[in-house]
């Protein structure tokens, strides 16, 4: 079978039937050991979930090198035994029939397109290709894509591998699709990129404002924190274009039109100023830039805010009144406000109403973005972002370069300059500037917007190597696939949503030729003859170097050890191992809450609580811009995309877990009954959703829980079911996050089921 | 060992987010691996995301046991109503039809009625049942009355239900608003009311806002 390609202009990819028949995704259910009653596990391994950024503690039950089930870990304080369905069933990804047990090489003559290859030979071929491409086309012609579901140790190693071993500027990661708007906004406003508060601060809040976060489905454990705050009198305000399960019983629902979040927050700030619901003392002492912001929101009268956001004026007034007058509060947001071509502005405008209230840096006064991936926090801190070095340092900063180069034992001048973001890497692959690519923990064929373009880009590469444990939709485009490790097959740390570093413990050995990802990377480096700095004996040794490389930076891990993490149910960074005289070291658990009055940090050096030389937080003027592609006569409906509770991200793992597939087998297009009736669509009809970039045909779910001008598609599926065939590759100019949450589409009923319905299983 | 008297089961459908964690966890129970004894349904998905989890309520006088011609369903001393005993169950379906809460399920494969036994292997040694352990919204909760009163000051547990003429007391509690009327929930009356939340939610996306 030839390499799957899509002809430019033809938006539908091939079905890859033979590859799917060989490599899945197939659904695994519990059988044998896993259903036998009375089986006594060999061991219970305390670790964390492999999926989202909440990083719930759990215990894996292990028997004969197989994870046979999950037992709650009641003592872990964040979730106290609670788990979402993904956490309960995650164990079925291990010992899975689809698991890659060997390396594979593309083989046009093989039925499934690939044939097994010895591990050493595969690594030799990878090294030879890297050598050839970098020799013929320059170091930057070979790019690296990494991921934020990897342990922090691995993400550190990936950065070092790209910057020190390959010397390529072009490394980026899939947090580009996830955390970067929040990260950029937090850096601009606070000088540090971490949830400001531990989740326990939600409990005492008088108002909990949830903006663009489908908490119940994407961060289910946070639900109980919000419900618990409400039990003690908190008002819960939810801003979302859909009545998600968390919005169903909230006290105030703001049905914001997708892409208009800056307008909403500006309107709230306008009313706070008008009614003097401000903490003027805090604004004066602890912030700069309030006046220009106040001036800029003057235009955001309730009437104009209502017109732009699609929220009733009285609802906006009510939200401002509750938010403005609260004594304590917690504002949390997620991709709903961040996945925009102005995602950073949205984040900054949300932060503006927090700073104006003065409710931050104290008990029950909090602000946070909800991280998406397992290591959405740690994975964005230590050097796998295109412009970053470990410790949250900048690749463009000479002092930072010198510090890290010294830790790595290299000349700072030999470090590459900042590279380009993940989508730009695809554009450069498409244009031929980038010839080779190594990808790990990333499934861009499903997860990047306008993915027909991504398919074309991957098809044009001279050489593509993917490290994965399953044959993902993206790995199907690779020349060599190397069998990496599942989370439960390796150890390390990740940093969860609160900024708490937790321990991932190994439960089982990788099967067959598969091995821990850090070994594979070091094997490639060694085969290249460039193993200097990449000879770690294991994750803890990598962590020890990471501690040194982060020392003195904003993201300071120097005081963190595996032992300390295990003894304290995690350690919150920043956690330095040295502070100036008179400044106490953080307690055993590290720094739980940021920005406490009188707190010290290495940037402000005691002048204030925020991470700027003057110690003050920044208000930022946030001009409102509409979405990159607004609706028009041709494409009159807004498409917004998101997740469902039983699936995770590109579905490479969860679409192989039978009970999770059964919960929500295939993507459905949610649309309001009024829109449905106008289009002649009834519940369960096949509908084609079409944008300027592509189309997909799925069944309709007619529900009055979505704005009538908007339709929703979950994005967890590949091929012809992929929502990202439609989405637009418009990106935020600062964070480079793609605009997944708004594009223009048209929707029509179709009489015939799509071709895939007859030949593919739901999850395929 | 009996289930410790102080530990009780509480259901609060108002908190349910429909994630099905309880169902997935129920299939992990050692006594019925792979099968869930919990039902979780949307009330009216077209109008609301409201879902309701139904676990066995463990009645004081279990209707399922009363109608069983084979005397296969036993209630333990501590009030837990067990799955039908395999040697006795004749798979007649009487219990399935009679249970006012619609809990027992017939496993045709095994020719056996199966139902929630409140994770007896866990609760009898002081552990929480699987579903109430994992439930991320704590719509299903297991603990003491004192804990519940402290954690949920605006709600109260009730365990008496009216089904037409039949009054049923259960071991499992349902949380209801504290300041609401103190009458028993009449399930048959609710059958003729509009679905929960439907009329409220209809207006949220009014024409003038869209």
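If I filter the range A:291-302 for residues that are in contact with a strand residue (DSSP E or B) (Cβ under 6 Å, 6 or more places away or on another chain) and either part of a helix (DSSP H, G or I) or more than 14 Å from chain B (Cβ to nearest Cβ) (or both), do I get at least one hit? Full working, then the answer.
As a first pass, look at the range A:291-302 and keep what is in contact with a strand residue (DSSP E or B) (Cβ under 6 Å, 6 or more places away or on another chain): none.
Taking every residue of the range A:291-302 in turn, none turns out to be in contact with a strand residue (DSSP E or B) (Cβ under 6 Å, 6 or more places away or on another chain) and either part of a helix (DSSP H, G or I) or more than 14 Å from chain B (Cβ to nearest Cβ) (or both).
Please determine whether any residue of the range A:540-558 is in a loop (DSSP other than H, G, I, E, B) and without any contact (Cβ under 8 Å) to a residue 60 or more places away in the chain.
Just the residues of the range A:540-558 that are in a loop (DSSP other than H, G, I, E, B), to begin with: A:551-558.
Filter once more, keeping what is without any contact (Cβ under 8 Å) to a residue 60 or more places away in the chain: A:558.
Checking the range A:540-558: at least one residue is in a loop (DSSP other than H, G, I, E, B) and without any contact (Cβ under 8 Å) to a residue 60 or more places away in the chain.
Of the residues making up the range B:1-25, those that are within 23 Å of residue B:84 (Cα to Cα), facing chain A (nearest Cβ under 10 Å) and buried (at least 24 other Cβ atoms within 10 Å of the Cβ) are B:22, B:24, B:25. Which one is surrounded by the fewest Cβ atoms within 10 Å (Cβ to Cβ), of the residues in the range A:305-317 that are free of Cβ contacts under 8 Å to residues at least 40 places away in the same chain and more than 18 Å from residue A:240 (Cβ to Cβ)? If we take residues in the range A:305-317 being free of Cβ contacts under 8 Å to residues at least 40 places away in the same chain and more than 18 Å from residue A:240 (Cβ to Cβ), then A:314 is surrounded by the fewest Cβ atoms within 10 Å (Cβ to Cβ). Among helices (runs of 4 or more DSSP H) entirely within the range A:645-764, having at least 1 residues that are under 22 Å from residue A:15 (Cβ atoms) and either within 21 Å of the chain's Cα centre (by Cα) or touching a residue at least 12 places away in the same chain (Cβ under 8 Å) (or both) singles out A:658-663, A:756-759.
Mind telling me which of the residues A:502, A:508, A:494, A:481 ends up being over 22 Å from the mean Cα position of the chain (by Cα), in the same structural domain as residue A:439 (by TED's automatic domain parsing) and either outside any loop (DSSP other than H, G, I, E, B) or buried (at least 24 other Cβ atoms within 10 Å of the Cβ) (or both)?
Only one candidate qualifies: A:481.
Of the set (1) touching a residue at least 40 places away in the same chain (Cβ under 8 Å); (2) more than 26 Å from the chain's Cα centre (by Cα), all apply to residue A:402 but (1). Restricting attention to the range B:14-49, the residues being assigned to a loop (DSSP other than H, G, I, E, B), touching a residue at least 40 places away in the same chain (Cβ under 8 Å) and under 20 Å from residue B:174 (Cα atoms) number 6.
Here A:390, A:416, A:398, A:412 are screened, and the one residue that is surrounded by 24 or more Cβ atoms within 10 Å (Cβ to Cβ), at pLDDT 95 or above and not assigned by TED's automatic domain parsing to the domain that holds residue A:266 is A:390.
Restricted to the range A:237-256, and to residues there that are out of contact with any strand residue (DSSP E or B) (no Cβ under 7 Å at 6 or more places or on another chain) and buried (at least 24 other Cβ atoms within 10 Å of the Cβ), the residue that is farthest from the other protein chains (Cβ to nearest Cβ) is A:240.
Against the criterion of being surrounded by fewer than 18 Cβ atoms within 10 Å (Cβ to Cβ), in contact with a helix residue (DSSP H, G or I) (Cβ under 8 Å, 6 or more places away or on another chain) and farther than 16 Å from residue B:55 by Cβ, residue B:76 qualifies. Suppose we filter B:52, B:67, B:11 for residues that are in contact (Cβ under 8 Å) with a residue 40 or more places away in the chain and under 24 Å from residue B:159 (Cα atoms); which single one remains? Answer to the check: B:11. Of the residues contained in the range A:130-150, none is found to be within 30 Å of residue B:122 (Cβ to Cβ) and more than 14 Å from chain B (Cβ to nearest Cβ). Condition check for residue A:636 on (1) surrounded by fewer than 21 Cβ atoms within 10 Å (Cβ to Cβ); (2) in contact with a strand residue (DSSP E or B) (Cβ under 6 Å, 6 or more places away or on another chain); (3) within 14 Å of another protein chain (Cβ to nearest Cβ): one failure, at (2). Among the residues of the range A:74-129, those identified as part of a helix (DSSP H, G or I), within 19 Å of residue A:438 (Cβ to Cβ) and in contact with a helix residue (DSSP H, G or I) (Cβ under 7 Å, 6 or more places away or on another chain) are A:123, A:124, A:126, A:127.
Checked against (1) at the interface with another protein chain (Cβ under 8 Å from one of its Cβ atoms); (2) surrounded by 22 or more Cβ atoms within 10 Å (Cβ to Cβ), residue B:34 passes all but a single condition, namely (2). Within this structure, residue A:230 passes the test of being surrounded by fewer than 24 Cβ atoms within 10 Å (Cβ to Cβ) and under 30 Å from residue A:502 (Cβ atoms).
Yes/no matrix, rows are residues, columns are (1) surrounded by 21 or more Cβ atoms within 10 Å (Cβ to Cβ); (2) over 19 Å from residue A:360 (Cβ atoms):
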position	(1), (2)
A:291	no, yes
A:300	yes, yes
A:303	no, yes
A:319	yes, no
A:330	yes, no
A:333	yes, no
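How many residues does the range A:51-77 contain that are away from every other protein chain (no Cβ under 11 Å) and surrounded by fewer than 23 Cβ atoms within 10 Å (Cβ to Cβ)?
Residues meeting the conditions: 9.
Restricting attention to the range A:683-704 and to residues that are within 11 Å of chain B (Cβ to nearest Cβ) and out of contact with any helix residue (DSSP H, G or I) (no Cβ under 7 Å at 6 or more places or on another chain), the residue that is surrounded by the fewest Cβ atoms within 10 Å (Cβ to Cβ) turns out to be A:683.
Can you confirm whether residue B:146 is exposed (fewer than 15 other Cβ atoms within 10 Å of the Cβ), more than 12 Å from chain A (Cβ to nearest Cβ), more than 30 Å from residue A:315 (Cα to Cα) and modelled with pLDDT of 85 or more?
Criteria met by residue B:146.
Determine if the range B:59-78 includes at least one residue that is in a loop (DSSP other than H, G, I, E, B), away from chain A (no Cβ under 14 Å), more than 24 Å from residue B:108 (Cβ to Cβ) and in contact with a strand residue (DSSP E or B) (Cβ under 7 Å, 6 or more places away or on another chain).
yes
Hey, can you tell me all the residues within the range B:161-173 that are surrounded by fewer than 19 Cβ atoms within 10 Å (Cβ to Cβ) and in contact (Cβ under 8 Å) with a residue 12 or more places away in the chain? The answer is B:162, B:163, B:164, B:166, B:167, B:169.
The values are calculated or read from the model by the stated rules, or taken from the named source; none is laboratory data. Worth saying up front: this structure is predicted, and the values here are computed from it rather than measured. Note that we place each Cβ from the backbone using ideal geometry, even for glycine, and neighbour counts take in every protein chain shown.
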